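The values are calculated or read from the model by the stated rules, or taken from the named source; none is laboratory data. None of the values given here were measured: they were computed from a predicted structure. Neighbour counts run over all protein chains shown; Cβ positions are idealised from the backbone, glycine included.
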């Protein structure tokens, strides 16, 4: 969490994904809204969340969801002070409901923006807790995830879905932006290589990075520099993009 | 035939060889594997997989075999992070979700049952 303005980190290229996500975070905080930000995997959402976490000039918290995140993980993250442990036995044991009440009280005293990265991985009961935090404490939120997030909210969480004020769907990067990002990440490519990459993965730097790293290893194992053959060889590891070649 | 041996035989030959080389199997499993798949294993043992190639093959293949590989400590350190990333590019299903949970727990240094009901 940060309360003061932090200087923009130098190791991030400000692309449209980062610009949009940061603007939406500021909007969610200013209007006390719940907003969703969805984009396909590999576009750079997590990088944008990391960047926003470092530069936002108001109180905020980030939860990085995993497949193993449960409602207890959420309660622990929001209800406990840094370094505090959840005592679930002995004289001072805390129930989950105690922790929830404590988190609500803290949010009312000193509100913050909650950014949930990979929110598409949240389970049903976690979404319910998120809704409870909104209902009880008006906690402004930015839920970030891939297209599964919209689908999950649409199908299974209508009550939460209705509380969302803005649903932003980020498009993949444009060709020029994609090339800039990859070069910024340190990948030098010929026009031919980039054209193949663009055909395979479009504006997804994460997916392109996976392919390029694989191609680098294929080339290294043959003792040559990465070329178009290595890139084509790397495609066999990713069945979802193989049909293009 | 043991299930793990059957699954390994069905995997790409270079992955089978790499798993053998990394010592994933118990002596009886190894003997059974070499007996039933001798020719192919011998042929592919000469080809080594680099770390990212190895995890990319694990990610796109049999999720249960990959889970076993993670639980048996065959995938370590940065390879786990790459595996986690590659799995996100694959289509989701329950077996793959379980593999992702196993990988996440391994990255936190934990092991064991990772089933989730909800």
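Scanning the range B:75-105 for residues that are within 13 Å of residue A:121 (Cβ to Cβ) and free of Cβ contacts under 8 Å to residues at least 24 places away in the same chain, which turns out farthest from the other protein chains (Cβ to nearest Cβ)?
So the residue we want is B:84.
Checking the structure you have, find out if any residue of the range A:13-34 is part of a strand (DSSP E or B), modelled with pLDDT of 90 or more and either farther than 23 Å from residue A:172 by Cβ or out of contact with any helix residue (DSSP H, G or I) (no Cβ under 8 Å at 6 or more places or on another chain) (or both).
Within the range A:13-34 (the criterion being part of a strand (DSSP E or B), modelled with pLDDT of 90 or more and either farther than 23 Å from residue A:172 by Cβ or out of contact with any helix residue (DSSP H, G or I) (no Cβ under 8 Å at 6 or more places or on another chain) (or both)), the answer is yes, since at least one residue qualifies.
Restricting the search to the range A:215-236, which residues are in contact (Cβ under 8 Å) with a residue 24 or more places away in the chain and either at the interface with chain B (Cβ under 7 Å from one of its Cβ atoms) or assigned to a helix (DSSP H, G or I) (or both)?
Matches in the range A:215-236: A:228, A:231, A:232, A:235.
Only one residue in B:50, B:72 is without any contact (Cβ under 8 Å) to a residue 12 or more places away in the chain, more than 29 Å from residue A:145 (Cβ to Cβ) and either more than 13 Å from the chain's Cα centre (by Cα) or not assigned by TED's automatic domain parsing to the domain that holds residue B:16 (or both). Which one?
Selected residue: B:50, the only one of B:50, B:72 that is without any contact (Cβ under 8 Å) to a residue 12 or more places away in the chain, more than 29 Å from residue A:145 (Cβ to Cβ) and either more than 13 Å from the chain's Cα centre (by Cα) or not assigned by TED's automatic domain parsing to the domain that holds residue B:16 (or both).
Inside the range A:51-85, can you point out the residues that are away from chain B (no Cβ under 14 Å) and touching a strand residue (DSSP E or B) at 6+ places or on another chain (Cβ under 8 Å)?
Of everything in the range A:51-85, those that are away from chain B (no Cβ under 14 Å) and touching a strand residue (DSSP E or B) at 6+ places or on another chain (Cβ under 8 Å) turn out to be A:52, A:53, A:56, A:58, A:59, A:60, A:61, A:62, A:63, A:77, A:78.
Restricting attention to the range A:154-175, does a residue exist that is touching a helix residue (DSSP H, G or I) at 6+ places or on another chain (Cβ under 7 Å) and within 10 Å of chain B (Cβ to nearest Cβ)?
no
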